[in-house]
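Undergrad: Take a look at the following structure, please.
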Amino acid sequence: MEPRPIEPAAPEEFGLTQVWWGDGKGKTTAALGMGMRAAGHGYRVHVLQFMKGGTASVEDVRGEYNAIAALPGYSYENSGHYGWHRFHDGTDDDEHAARARGGFERARDLVDAAGEADLSSPLPLEAPADDGVHMLILDEICYAGNRGLVDPDDVRDLVESKPEDLELVLTGGHERPEFVTAVADLVTNVRKEAHPLESGHSARKGTEY
């Protein structure tokens, strides 16, 4: 089957808030995959990552960044520190908090920009996210909220103030993000039954980054 050209289009039923949390692997993977699906239909998608990192074995340039850059209408930016908060990786708590707060302000700007755009119409696929998007993925914002790096009440207020037609996807955290689950339309708990890290495997190129 020949792929159809990706042309700008507008979703007919976007506007829900999704929350993906839990101690299992796959929260970001699911959100990015859903973004790929939306972009394949010609919808404008943007990912704002609050933090992604972990250990020295994980490279700065992740496979998903290359894939997103190659897909029309799909874009990303990373506002967080490279390394997990309190991972004993030498990073400073204040720096983590400052970057997370900066990320939240950026998220607020993106939500406001979506409110000023006509989300019922197609959006230019190569236009900046500041001109509005149909789907906004805030990766690891729940983790940042659970850790107090951003104010959980501010995250809830952001959800409640989003434009009606914006599909908002929030991920992250091992603890249930009570501050947003009550105002979300979809809540998925990604549970761990087994993880290769427990048997000595490190993060693998092509599956974890």
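Undergrad: Rank 17, 66, 120 by how far each Cα sits towards the positive end of the charge dipole of the stretch 17-192 (+1 on Lys, Arg Cβ; -1 on Asp, Glu Cβ) and give me just the farthest.
TA: Result: 66, furthest along the dipole toward the positive end.
Undergrad: How large is the charge dipole for the stretch 17-192, taken about the Cα centre, if only the Cβ atoms of Lys, Arg (+1) and Asp, Glu (-1) carry charge, to the nearest 20 debye?
TA: The dipole of the stretch 17-192 has a size of about 820 debye.
Undergrad: Distance between Cα centroids, the stretch 9-41 to the stretch 142-158: provide it in whole Å.
TA: 20 Å
Undergrad: Under a Cβ-Cβ cut-off of 10 Å, what is the net charge of the residues other than residue 113 that fall near it, where Lys and Arg count +1 and Asp and Glu count -1? Present the calculation step by step, with values, prior to reporting the outcome.
TA: On the way: positive: 108; negative: 109, 112, 116, 130, 131.
The answer is -4.
Undergrad: How much length is gained on full extension from residue 23 to residue 160, taking 0.36 nm per residue of separation minus their Cα-Cα distance?
TA: On the way: separation 137, 0.36 × 137 = 49.32 nm, distance 2.58 nm.
Length difference between fully extended and current span is 46.7 nm.
Undergrad: Calculate the spin-label point distance for residue 66 paired with residue 203, positioning each point 7 Å from the Cα along the beta-carbon direction, and give it in nanometres.
TA: Distance between label points: 1.6 nm.
Undergrad: Return the long-range amide H neighbours of residue 188 (sequence gap of 5 or more, or a different chain), with a cut-off of under 5 Å between placed amide H atoms.
TA: Here 19, 20, 21 satisfy the definition.
Rule-based calculations on the coordinates, nothing more; no lab input. Here the structure is a predicted model, which means the values were calculated and not measured. Backbone-built Cβ (ideal geometry, glycine too); neighbour counts: all protein chains shown.
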